[in-house]
Every structure is written in structure tokens, then in C-alpha cells.
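The values are calculated or read from the model by the stated rules, or taken from the named source; none is laboratory data. Predicted model, so just to flag it, every value in this text is computed and none were measured. Every residue, glycine as well, gets a Cβ built from its backbone with ideal geometry; the counts of neighbours run over all protein chains shown. Accessible surface areas use protein heavy atoms only, side chains included; no ligands, DNA or RNA. Shrake-Rupley method; radii C 1.70, N 1.55, O 1.52, S 1.80 Å.
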Amino acid sequence: MYSQGLIGADGSTGETPEFLEAFQKRIDAEEKIEPNDAMPEGYRRTLIRQIGQHAHSEIVGMLPEGNWITRAPSLRRKAALLAKVQDEGGHGLYLYAAAETLGVSREEMTEELHSGKAKYSSIFNYPTLTWADIGAIGWLVDGAAIMNQIPLCRCSFGPYARAMIRVCKEESFHQRQGYEIMMELAGGTPEQKEMAQDALNRWWWPSIMMFGPHDADSQHSDQSMAWKIKRFSNDELRQKFIDATVPQAEFIGLKMPDPDLTWNEEKGGYDHGPIDWDEFWRVVKGHGPMARDRIRDRRKAWEDGAWVREAALAHAEKRRARKIAAE
Amino acid sequence: MANEMPLWEVFIRPRNGLSHKHCGSIHAADEVMALQAARDVYTRRGEGNSIWVVLSSAITASDPDQAGENFEPGEKIYRHPTFYEIPEEVGNM
């Protein structure tokens, strides 16, 4: 999600060199920046964009998994999936709250998501075709998210860092429940194992694309690194994720869908085959198989809930008036 | 969107004996719904036994540019215990 939040971010800023230097000094001293502190406009804009896209990703991310709540194979799985999807909603709300401290309103952010102006992680524009996809999402998508989010706990902007600490604490259950689903399917009947392998085949490449373009093609990373919004490069995080995940696949007898994947003794990590960046950009730009459905579903939820919001506000107004009349 | 949901700051006491601590914010029409939303969003894993919600607009904050006023008063070293000389024989004090 996450590093994709920086795509298109504009870190340009119009303050004096003295102001920028003083700000950079605070960052270099590992001081946290809090909402009321003076900050470069570019810093504020980059964060609003990144935290907003991160929040949208959590909220849209509820949809592919929500698709399987009613069809979970057991009560245990259903309860876990329900709790996970509820967590994702909570994560979206922590993050919206963090973004709002920078002066953007929830309504503006919602509007930008619905109009297509704001992006969310490309991964959620793929469909969840079988139950094994729920396992693959927890294991791979949440696994990749954790890799990205752990360094964000040390982000220079206080409210974002604090929200990420809460998110990371909760996220570990998500990955474990996903891996457990995959493990059980991989150890089941040949059909079940095939279903697990098929899900891995479809989710592996989109998962490693979640880390964003290669460092050489990542335009806005340098400024974000200098401001300590970002702590590791896209390729560094991708490498960590691959090195951690390949042995997990081997352990349950599944095969990574990358014929070029080989252990590189010298660098102490895996080398992987070429990533299909054309597909990545297509999906980022909203041409993923589910892109239209996702936004349609979000809009529908917003519109269908309008009467609830209106009624709640009207009720609050009525109570306020009654209280004043009684005084 | 003329009717924006008011913003509330949420404070949680992890357990008795500790202070309420700020943990984030939520939107809600009134204080009853604000408490319910705060519980759903911020205490899914027993993070606290008491919640406060305060309208964000009701908070008055100090200006970070004036943070210099919160200085360590260098010339008032008599505010620190080590300013006073007590003979060693007296023991720990």
C-alpha cells in the first residue's frame, strides 16, 4: 500500500532555505514532528497524500475479504475473518484521524477516493476467486504490508508513527491466520493443495509489486527518505519480504510462480525474475480487474449510509435544543 | 456536505491507577455515539477500561512556537535537590 502512496507525490516546497534547514535539523536529530509544528508545505502535502492513500487502502481492502465472510468454511474461520476485516476498518480510521491532524477533512478524503482522484493500493483491484485467496491475502498481502509498516512506526510525523504502532500490533494475527489457512489447504486433498497453489500463483506477483517501482524508477523517494517519512527503499523492503516468504512457501510444499527465483549466496538473498511493470501501472491507474467494482461498492456504502448520518445529526441537534430548553 | 460530523478526541485509561492518554480521534454526531465509536475503534483488544471523548473544537492548545517558555530555569538551580549540601553521615535523604 504504503510505498505506493508516494507515487505522484509532489515534495516541492516554497519555504526559505533557513526554514528548510532548521526543519531538516529537527528531522536529523530524530525529533518527531507534531501537527501544530511549523513544517514545509511539501512535507505536509506528501504526508496527507501518503496517509490518505494508506487509509483508503485499508478501507478498500475490506472488500475483497468481505466477499468471503458468508462463505467461510467453518465458524472458526468466519469469526477470524470477521475480526480481521473489522481491524482493517479500524486501521483505516486510525489513519484518517492521523491525516486529519494535517488539515485535510474526512469529507475531502472520502470525496477524493470516490471520484478516483485519490489512489489506494493496486493489490485490492484483484478479485478473490476462491477461499484460498483469503489465505494468500493474509499471508502475502498482510505480510508485505507488515514489511512496509514496521519502518513507518519510526516515521518522523508523530500521529502517523503512533497509528502505525497500533496497526502493526494488530496486523500480525492477520498474517498468521492467512498462513494457517494456506497450510491447512496445502496439507489437504490434492484439490485443496491445487487451490492453495493457484492462489499463490495469482497473488505472488501483485504482492511483490506492492513495494512499488524499483529504486531507480522511484521519483519521489529521495525527499521522503531525507524527511524520514520513509526509512527503507522499495527494493530493500521487497528483498526482505521475498527472503522471509520463500522458505514459508517451501515449508508447506508450495512453489513460487517464478522460474528465475534462485538463492544468491553472495548477497545472502534471493534473486527474482523480472516484474511486469506494465501490469503494475495499468492496475495503479485503475484498470485492475476489480477497480470499477471497488469504487462502486464504496460509493454505494457511502450513499446508502447517508440517511443514518443525517438522522444522527438531526437527533443530536434535537437533544441539544431540548437540553437548552430545560436549562 | 454542509453537515460535517463533529470531530472528537479520544482518551483511554488502560487500567485503574493510570491516567487517560490521548489515542486518536473519531467523528460522531453526539457524545453518546462518540463513546460507542471510540470503543469500537480504539478498544478491540482490551486496551482500556475507561474512555473520555472531548470535542476537538473544545481543546485549547499551546503554540509550539512558544515552546521556549517551557525552559529548564538554569539560574534556579535551588529547585533541584542536589543544590543542597547534606553531610554524608546523615545518609540518604
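Quick rundown of the values:
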quantity: Residue check for A:SER121: closer than 22 Å to A:ARG45 by Cα, touching a strand residue (DSSP E or B) at 6+ places or on another chain (Cβ under 9 Å) and surrounded by 20 or more Cβ atoms within 10 Å (Cβ to Cβ); calculated: no
quantity: Unmet requirement for A:ARG26, which otherwise passes all of (1) more than 14 Å from chain B (Cβ to nearest Cβ); (2) more than 25 Å from the chain's Cα centre (by Cα); (3) modelled with pLDDT of 95 or more; calculated: (1)
quantity: Count - residues of region A:138-157 that are assigned to a helix (DSSP H, G or I) and of a type in the set (S, T, N, Q); calculated: 2
quantity: Only one of B:ILE12, B:ILE51, B:ILE59 that is loosely packed, with under 10 Cβ neighbours inside 10 Å and in contact with a strand residue (DSSP E or B) (Cβ under 7 Å, 6 or more places away or on another chain); calculated: B:ILE59
quantity: Residue count, region A:29-57 (criterion: within 11 Å of another protein chain (Cβ to nearest Cβ) and in contact with a strand residue (DSSP E or B) (Cβ under 9 Å, 6 or more places away or on another chain)); calculated: 4
quantity: Residue selected from region B:27-48 under the condition outside any helix (DSSP H, G or I) and open to solvent by 50 Å² or more (accessible area, probe 1.4 Å), by the criterion farthest from the other protein chains (Cβ to nearest Cβ); calculated: B:GLY46
quantity: Flag if B:GLY24 is at positive phi, free of Cβ contacts under 8 Å to residues at least 24 places away in the same chain and either away from chain A (no Cβ under 14 Å) or assigned to a helix (DSSP H, G or I) (or both); calculated: no
